[in-house]
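First comes the structure, then the notes that go with it.
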Amino acid sequence: MSAQDLVARAQKWSKDQPWRLYGSQVFVLVRNEVRRNLFTRRRIWIYLLALIPVVIILTHVIFDKSGPASPAQIETDTEVLAGIVQLYYLRLGIFFACMAIFTWLFRGEMVERTLHYQFLVPVRREVLVVGKFLAGAVVAIALFETAVLACFFLMYSRFGSAGQSYVLGPGLGQLGSYLLVTALACIGYGAVFLALSLLFKNPIVPGVVIMGWETIAPIFPSWAQRLSVTFYLKHLCPVSLPMSGPLAIFTIVAEPVAPFVAVLGLLCLTIAILALSCFLIHRMEITYTAE
Amino acid sequence: MTPDARQIVFENVSKFYGEVLGVNKVNFSLQPGITSLVGPNGSGKTTLMNLMTGLIRPSRGAVCVLGLTPRQPIEFFRQVGYCTQFDSFPPGTNGYDFIYWPLRLHGFGHDQAAKLANEALERAGMAQVARRKVAGYSKGMRQRVRLAQAIAHHPSVLVLDEPLNGLDPMARAESITLFEAIAKQGMHVIISSHILEEVDRISDRVVLMSSGYVVAEGQIREVRREVRDHPMQILVRCSNAARLAAAAFELDHVVEAKILNDGRGVLVRTRDAEQFYLLLNKIASGGLVEVDAVAPADDDVNSIYQYLIGSDGGPA
């Protein structure tokens, strides 16, 4: 079959698909899943994961009575903020929140014995995967972007006008990078945990293995590093942390790549993992008694 | 229209859960009307329904519903409605939302989905309590709201797993009337039950199941005849087994009389158990044979049939 035939077949396939229906189905799925995931008491510990640094910084701001901090300290606080984002949010907070949110999308419905309702409607299972993934992404991104924004503004609020100048100057670019990195981390980890939940009945243990992999990936050859989410995120972090010794493994960038390559790379990895999920969902059967 | 486009076809379908048999070598095709799947618990009724609706895949064979398979979900699930036995609901949902949102996934707009949801709730007798949380419903109400969801999109095939469970007599009668009305519109209604009596009168045909096998299938009269003609095994523990075997052989309806290896009993296969028992009583009362125990020797179709609907084909 020639390339032209292939393109023609792809075009015909695309033309035959009811994209509008898929779009409306994704919208309904996202709406239902967001309500189910975001506004429940069961998710309180995820809010805590996101808000712990915010609360710490806020406490610092409220109880520091020494007046506006010295502008010279901005650089130090910028590194502290970088540490919070890179070491806490990217390594722990977003990781565990995504583990909870995305593994629950399908596995939770198996536990609650409600997944059959999703399988008995005229929705392609691929659309179901995409809808649920987007819902998880909306929840995770909304939560952690809010938290990162709050951390950022609280961090510089105690510097008075100097802080304001910094936020509107170099700080704005850093904020943009942090928001981008946070969103990418949510979708990257989200895709990984969604796939794990379709592969394993208990995705917690594989999740811990993934965490180990994300930590030690920098000591592997560069082609292997590309299979880790943090490989791409590290290239997008605007402030490098002065880490030394074994801790440098969290921040070291062995082979720098351009930011757009890192973004594209992570998006490609996410799409590849989602494609795997679409394949896995077709194997899924409703056998609640086996859960 | 080809025959397949109106039928539900099972072609040599088997389903194994690991090493456990779900159903084995199922072959049948169903015409529109009410079909009842009847069998004791664990006989494979739910497995068959789950296969029919794509919730599970066959280990072997193929299932085709109106010429469609679950691999074409958009076309397939517009035609099929399934009221499962799973008594679970999305957390926090109310009766109306439980029906409205799946209709939106069908592609209906807000107005049409709302209209269909209200209509289905009305038909299931749930309109008054539609805005209440499902968690506060009684078992019968939960059953009816699941039924409402299954019929809301006006499917051509309605699959109902034990739909009368938990319903009070009034709701039961209303549901049966609803099933009959749907079937009269030329649709398939597949109902499972472990009590044939409750679906006997409304069924156009019956599929009798036992231990994962379809043991009889067809119109209710045919099934009764088929089952009645099937030989039944009876194990008799007794002294003088040779004498009993010889007497049994003189009866026309006895197909086989085998003396057990230990010589202390006979395994009899007969088409008329009642007549054989009469003979046995006669021999025993005459003192020719001392009977220690008599028991049906297998879990065959006859014993299942007796369990389900009684030996004379009447209600159990």
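Model label points for B:HIS110 and B:ARG132, set 7 angstrom from Cα along the Cα-to-Cβ axis, are 2.8 nm apart.
Per-residue Karplus couplings for segment A:256-272, computed as 6.51 cos²θ - 1.76 cosθ + 1.60 with θ equal to phi - 60°, are listed in order as x, 10, 5, x, 5, 5, 5, 5, 4, x, 5, 5, 5, 4, 4, 5, 4 Hz, Gly and Pro entered as x. Rounded to a whole number, what is D in µm²/s for chain A from Stokes-Einstein with the Kirkwood radius over alpha-carbon pairs (10 °C, 1.306 mPa s)? The diffusion coefficient I find is 76 µm²/s. Rounded to the nearest 20 debye, the dipole size of chain A about its Cα centre is 880 debye, using +1 on the Cβ of Lys and Arg and -1 on the Cβ of Asp and Glu.
Taking θ as phi - 60° and the Karplus parameters 6.51, -1.76 and 1.60, the scalar couplings of segment A:141-147 work out to 5, 4, 5, 7, 5, 4, 5 Hz in sequence order, x denoting glycine and proline. Ordering B:PHE98, A:PHE152, B:PHE28, A:PHE260 from the fewest to the most neighbouring beta carbons within 10 Å gives A:PHE260, B:PHE28, A:PHE152, B:PHE98.
Treating r as the C-beta distance of B:ASP262 and B:SER285 and R0 as 30 Å, the FRET efficiency rounds to 0.75.
What is the total of Lys pairs in chain A with C-alpha atoms under 29 Å apart, excluding same-chain pairs fewer than 8 positions apart?
On the way: A:LYS12/A:LYS132; A:LYS15/A:LYS132; A:LYS132/A:LYS201; A:LYS132/A:LYS234.
Step by step, the pairs that qualify in chain A add up to 4.
Evaluate the Debye formula for segment B:231-299 with equal point scatterers sitting on the alpha carbons, no solvent, and hand back log10 of I(q)/I(0) at q = 0.22 Å⁻¹, in q order, two decimals. Once normalised to I(0) and log-transformed, intensities are -0.85. Rounded to the nearest 5, the antiparallel percentage of DSSP beta bridges internal to segment B:3-225 is 50%.
Residues whose amide H lies under 5 Å from that of B:VAL255, counting only those 5 or more places away or on a different chain, are B:ARG269, B:THR270, B:ARG271; hydrogens are built 1.01 Å from N in the peptide plane. Near the amide H of B:GLU217, within less than 5 Å, lie the amide hydrogens of B:LEU208, all on another chain or at least 5 residues away, with H placed in the peptide plane.
On a per residue basis, the convex hull of the C-alpha atoms belonging to segment B:3-225 measures out at 123 Å³.
Sorted ascending by nearby beta carbons within 10 Å, beginning with the fewest, B:PHE108, A:PHE144 become B:PHE108, A:PHE144.
Taking amide H as placed 1.01 Å from N in the peptide plane, the amide H of B:MET187 sits under 5 Å from that of B:GLY33, each at least 5 places away or on another chain. A crude spin-label estimate for the pair A:THR59 and B:GLU122, with each label 7 Å from Cα along the Cβ direction, gives 6.0 nm.
Report the extension gain between A:LYS15 and A:LEU267 in nm, rounded to one decimal, defined as 0.36 nm multiplied by the number of residues separating them, less their alpha carbon distance. Intermediate values should be presented prior to the final figure.
Working: separation 252, 0.36 × 252 = 90.72 nm, distance 2.52 nm.
Full extension of this stretch gives 88.2 nm more.
In segment A:7-82, which trypsin sites (Lys or Arg not before Pro) are in a loop and have at most 14 other Cβ atoms within 10 Å, using DSSP for the loop call? All intermediate terms of the calculation are to be shown ahead of the outcome.
Values: sites: A:ARG9, A:LYS12, A:LYS15, A:ARG20, A:ARG31, A:ARG35, A:ARG36, A:ARG41, A:ARG42, A:ARG43, A:LYS65; in loops: A:LYS65.
In loop regions of segment A:7-82 (DSSP not H, G, I, E or B), the sparsely surrounded trypsin sites (Lys or Arg not before Pro) are A:LYS65.
Under the simplified labelling scheme, the A:THR40-A:VAL209 pair shows an inter-label distance of 2.7 nm, with each label point 7 Å from Cα along Cα→Cβ. For segment B:178-218, the ratio of Cα radius of gyration to the globular rule of thumb 2.2 N^0.38 Å stands at 1.24.
Using DSSP, restrict attention to beta bridges with both residues in the protein assembly as shown and report what percent are antiparallel, rounded to the nearest 5. Bridges in the protein assembly as shown are about 65 percent antiparallel.
Sorted from fewest to most neighbouring beta carbons within 10 Å, what does the list A:THR270, A:THR114, A:THR59, A:THR215 look like?
Working: A:THR270 22, A:THR114 18, A:THR59 11, A:THR215 14.
Listed from fewest to most nearby Cβ atoms, that is A:THR59, A:THR215, A:THR114, A:THR270.
Rounded to the nearest 500, the 222 nm mean residue ellipticity of chain A from helices alone is -23500 deg cm²/dmol, with -39,500 (n - 2.57) taken per DSSP H run of at least 4 residues.
Only lysine pairs 8 or more places apart, or on different chains, with alpha-carbon atoms under 21 angstrom apart are counted in chain B, and they number 5. Among the GluC sites (Glu not before Pro) found in segment B:204-283, those both in a DSSP coil and sparsely packed, with 16 or fewer other Cβ atoms within 10 Å of their Cβ, are B:GLU250.
FYI, it's all coordinate maths here, none of it is from the lab. Predicted, not measured: the structure shown is a model, and the values here were computed from it. No Cβ is skipped: glycine too gets one built from the backbone with ideal geometry, and neighbour counts run over all protein chains shown.
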